[in-house]
Amino acid sequence: MRLVFLGPPGVGKGTQAENTSLKENIPHISSGNLLREAVEAKTETGLKAKEYIEKGLLVPDDLVVKIVVGKITSADCKKGFILDGFPRNLSQAKILDKTLNELSEKIDKIFYFTTSEDIIIKRLSGRRTCKSCGANYHEMFMPPAKDGVCDKCGSELYQRKDDNPKTISERLRVYREQTEELIDYYRKNGELIEINCNGKISEIQQNIFEELHSMLNDKRKAE
């Protein structure tokens, strides 16, 4: 199974990718995490990406794609993968398709997670992150046992600068601009499944698994 999970910041696609990864036993691949790992490992691509990150600029498509493709073509991903938040634009999608075509492979399905801007702002503005271990909490939905303190390591929790309502609205505007063509591209190819994320996490997860079950049945019939 080769899947892509798309959606705006705060929609919950990362949580659903983790849950699906565990249930289906395929790697959950976050392009953001891969970039950070490459920077920390001081790989050639990571060092190039670091120059853009430190200046607050978007990492160019060719560098991001190179890191992601390196991962999805590794032995770890032989049985499949879930791409979380990648591709982010039409250019990245076309490069990804070309790379997989050369390997006689393709993306099976794209799950597009949607919800209202009000809900996203509520989710992100309440998010708190541990300064030491990076664990995530939410003031309303998943609070720590002790206010402002990480359950896992006891370090202080903080609010990311980009998690205030004004910045979140701007991030959502940029996201829509970047992904409008991308969503149309996947929808026209018949690969897109829209998942409404207004409900509970368990309900959203059930919808995903039902779609995956249907997809696997279709594959078996085709074989």
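From least to most packed, judged by other beta carbons within 10 angstrom and beginning with the fewest, His28, His213 follow the order His213, His28. Neighbour counts of C-beta atoms inside 10 Å place Cys153, Cys130, Cys197, Cys77 in the sequence Cys153, Cys77, Cys130, Cys197, starting with the fewest. Under 5 Å from the amide H of Arg2 lie the amide H atoms of Phe81, Asp108, Lys109, each residue being 5 or more positions distant or on a separate chain, with H modelled from the backbone and absent for Pro and chain starts. Averaging the Cα positions of each part gives two centres, and for segment 206-223 and segment 1-28 these lie 16 Å apart.
The residues Ser214, Ser21, Ser104, when put in order of fewest to most other Cβ atoms within 10 Å, stand as Ser104, Ser214, Ser21. Note on segment 130-194 and segment 63-96: Cα centroid distance 21 Å, given to the nearest whole angstrom. Between Ile195, Ile110, Ile119, the Gaussian network model of the chain with springs among Cα atoms under 10 angstrom shows the greatest mean-square fluctuation at Ile119. What is the distance, in nm, between label points placed 7 Å from the Cα along the Cα-to-Cβ direction at Glu105 and at Ala75? With each label point 7 Å from Cα toward Cβ, the separation is 1.5 nm. Cα gyration tensor of segment 65-184, axes a ≥ b ≥ c as square roots of the eigenvalues: rounded (a/c below 1.5), prolate (a/b > b/c) or oblate? Oblate, since a/c reaches 1.5 and b/c is not below a/b. Rounded to the nearest 5, the antiparallel percentage of DSSP beta bridges internal to the chain is 35%. Applying the criteria of a DSSP loop state and at most 13 other Cβ atoms within 10 Å to the GluC sites (Glu not before Pro) of segment 113-205 yields no site.
FYI, it's all coordinate maths here, none of it is from the lab. Predicted model, so just to flag it, every value in this text is computed and none were measured. In this analysis, Cβ positions are derived from the backbone assuming ideal geometry, glycine residues included, and neighbour counts consider all displayed protein chains.
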